[in-house]
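Below is one structure, written out as structure tokens; the observations come after it.
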Amino acid sequence: MGTDTDEWARRGSSFGAVAADYAEHRPDYPADAVRWCVAPLGRDVAGLRVLDLGAGTGKLTALLARLGADVTAVEPDSAMLAELRRRLPSVRALQGPAEAIPLPDGSVDAVLCGQSMHWFDLSRAVPEIVRVLTGGGVLGALWNSDDDRVPWVAGLRDAAEGAAAPTLSRRRQEAAYFGADQFPAELFTPVERAEFANSQPRTAQTLLALISTHSHVLVMPAAERDRLLGQIRSYLASRPETADGEFELPMVTSALRTVRR
């Protein structure tokens, strides 16, 4: 999506080095967003066979398990997978990429992708998703974004020079990328989209820790990363909303869903 292929690969493989911090600081997902994703099935989440594809350290996996899904997590990065297994020892968790899913044909009712679909090679992943889904099964994807309609969050975006979480305005601009070209009409129903408020409690310290887990920051040279984080720290100290103690970081979860024909 407009990024050099080598850089994109480097960023995509950067998270394992900070797996514990990722698990600690990345935001959760709203239960309503998951329910919306699977609503076309006409059933509650409980009891559904759900694949969390590109599961990372299990942020979405944990929610699916709490909602009663029969969840299988699949994650390619061994360090991220180890952290998921440490935190969720009772969940079935397998190593593998979206482009070669280690599950049998027609074995899941839903495939959900939390903060991961943009890392897939969709030309290879979509046939695999089609293969493991039952007929009438659901594909859903979720992304958390800073809500830059809020002035101080827009200022944070600028202070971070685009290296923090992609903002809501950017997510909306990129939404058309995931459409009929990736999910052709002979295989899927038209893509639907929705947004869910998902504010997260933060302090300046934990917000900096969160930003430090984003791929833009992870692949920076150390001096550049230190300069950027110092700039963000100064910005947060200058704003009344974030200068003292805990605050709410306004976030939005963007979701899409489509049904396998």
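Couple of notes before you dig in:
- The range 92-190, dipole about Cα centre (Lys/Arg Cβ +1, Asp/Glu Cβ -1), debye to the nearest 20: 140 debye
- In a simple Cβ point-charge model (Lys, Arg +1; Asp, Glu -1; nothing else charged), the range 154-261 has a dipole of about 220 debye relative to its Cα centre.
- Dipole in debye (nearest 20) - the chain, about Cα centre, beta carbon charges: Lys, Arg +1; Asp, Glu -1: 420 debye
- Computed from the Cβ-Cβ distance with R0 of 22 Å, the FRET efficiency linking Glu7 to Arg233 stands at 0.30.
- Each part reduced to its alpha carbon centroid, the range 132-156 and the range 178-215 end up 2 Å apart.
- Calculated FRET value between Arg193 and Ala31, using beta carbons and R₀ = 25 Å, to 0.05: 0.85
- Taking 0.36 nm per residue of sequence separation and removing the Cα-Cα distance, the Glu246/Asp226 pair yields an extension gain of 4.9 nm.
- Most simply put, the chain has about 50% antiparallel DSSP beta bridges, counting only bridges with both residues inside it.
- In plain terms, the residue of Asp146, Asp121 with the fewest other Cβ atoms within 10 Å comes first and the most crowded comes last, giving Asp121, Asp146.
- Cα centroid of the range 221-241 to Cα centroid of the range 23-56, whole Å: 33 Å
- Full extension of the segment from Arg86 to Asp158, taken as 0.36 nm per residue of separation minus the current Cα-Cα distance, would add 22.3 nm.
- Efficiency of FRET between Asp21 and Gln182 - r from beta-carbon atoms, R0 45 angstrom, step 0.05: 0.90
- Between Ala39 and Ser107, residue separation times 0.36 nm minus the direct Cα-Cα distance comes to 22.6 nm.
Computed from the coordinates by the stated procedures, all read-outs in this text should not be read as laboratory data. In this text, all values refer to a predicted model and were calculated from it rather than measured experimentally. Quick reminder, even Gly has a Cβ in these numbers, built from the backbone with ideal geometry, and neighbours come from all protein chains shown.
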